[in-house]
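One structure is given here, and the rest of the page talks about it.
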Amino acid sequence: MSVVSFIMYYQGIKMIGAAKASIFINLMPLSAIILAVVFLGEVFLPIHMVGALLVLTGVTIGTRKSAKVKESKAVKA
């Protein structure tokens, strides 16, 4: 199932570029768990939910633009 995750990641690199896509490598284990549950009948445990929430929180924080970046862009415009 990890192969599918890598393929999706490489498609993301093509679409948004390597710099922005690099943070999304953290979603690979999450997508592998989801695909394993759907296709292999694996059990989704509470610890998987905790891990998924931590990964999604990290990706959200990592992709959010800081207030300073927004202010500097507003000043330049």
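Counted residue by residue at 0.36 nm each, then reduced by the alpha carbon distance between them, the extension gain from L54 to M28 reaches 8.0 nm.
Using alpha carbon coordinates only, what is the Rg to Rh ratio of the stretch 1-53, with Rh defined as the Kirkwood radius?
Ratio of gyration radius to Kirkwood radius for the stretch 1-53: 1.04.
Here the spin labels are modelled as points 7 Å beyond Cα on the Cα-Cβ line, and at V38 and V3 they lie 1.7 nm apart. A Förster radius of 35 Å combined with the Cβ-Cβ distance from I47 to A21 puts the calculated FRET efficiency at roughly 0.80.
For the stretch 3-12, putting each phi into the Karplus relation 6.51 cos²θ - 1.76 cosθ + 1.60 with θ = phi - 60° gives couplings of 4, 4, 4, 5, 4, 5, 5, 5, 5, x Hz, in residue order, rounded to whole numbers and with x for Gly and Pro. Computed 3J(HN,Hα) for the stretch 50-62, one whole-Hz value per residue from the Karplus formula 6.51 cos²θ - 1.76 cosθ + 1.60 where θ = phi - 60°, is 4, x, 4, 5, 5, 5, 5, 5, x, 5, 4, 5, x, glycine and proline marked x.
No lab work stands behind these numbers, since they all come straight from the coordinates. Note that this is a predicted model, so its numbers are computed, not measured. Note that we place each Cβ from the backbone using ideal geometry, even for glycine, and neighbour counts take in every protein chain shown.
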